[in-house]
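K.L.:
Below is the structure I would like to discuss, written out as structure tokens.
The values are calculated or read from the model by the stated rules, or taken from the named source; none is laboratory data. The shown structure was predicted, so the numbers you read here are calculated from the model rather than taken from an experiment. We place every Cβ from the backbone using ideal geometry, glycine too, and count neighbours over all the protein chains shown. Remember, those area values only see protein heavy atoms, side chains included, never the ligands or the DNA or RNA. Shrake-Rupley method; radii C 1.70, N 1.55, O 1.52, S 1.80 Å.
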Amino acid sequence: MIPGLIGKCEMVVKEEDLVSRLGDIPLNVLSTPRLIQLLENAAIEAIRDHMPGDQVSLGAEIKVRHLSATPLGMKVTANALLKGVEKNRLHFLVDAYDEKEKVAEGEHDRVIVSRERFLERVKKKSAG
């Protein structure tokens, strides 16, 4: 992986993305968990063309400040910049903007692992 790779992911806030879907919270704005998923998707896009077929990147850590609410129907764009690489760990700077302002900023780490070994461990764990 090469530091400097960038990724971008966009979405329009829909009903299923809202805080109100998380429980008894009547707020029709983008939820933080859905925003984090969008930021992770931007990081995945940054490295998509550079991933060997036998490996997979997994989210390992995220530290994000959700700065502003985004209402239903508004577009949000997430960006990721690969800041550094340490062995199999990738460090990203991430941010997101809606149509009016910056709505999030932070850092996200992903790890690159063998797809086969990862699936074997999951299978063994689910077998008990």
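K.L.:
Per residue, how many Å² of accessible area does the chain show with a 1.4 Å probe? Walk me through the numbers on the way to the answer.
P.N.:
On the way: 8040 Å² over 128 residues.
Roughly 63 Å² per residue, with all protein chains present.
K.L.:
Where does helix 115-127 land angle-wise versus the long Cα axis of the chain, in degrees 0 to 90, nearest 10?
P.N.:
For 115-127 against the chain, the angle is about 80 degrees.
K.L.:
Using the Cα centre as the reference, give the magnitude of the dipole from point charges on the C-beta atoms of the chain (Lys, Arg: +1; Asp, Glu: -1; all else neutral), rounded to the nearest 20 debye.
P.N.:
Working: 20 positive and 20 negative charges, 104 e Å.
I would put it at about 500 debye.
K.L.:
Next question. Can you pull the percent of Cα pairs in the chain with separation above 18 Å?
P.N.:
56 percent
K.L.:
Along each of its three principal axes, how wide is the spread of alpha-carbon positions in the stretch 62-103, in whole angstrom units, largest first?
P.N.:
40, 15, 14
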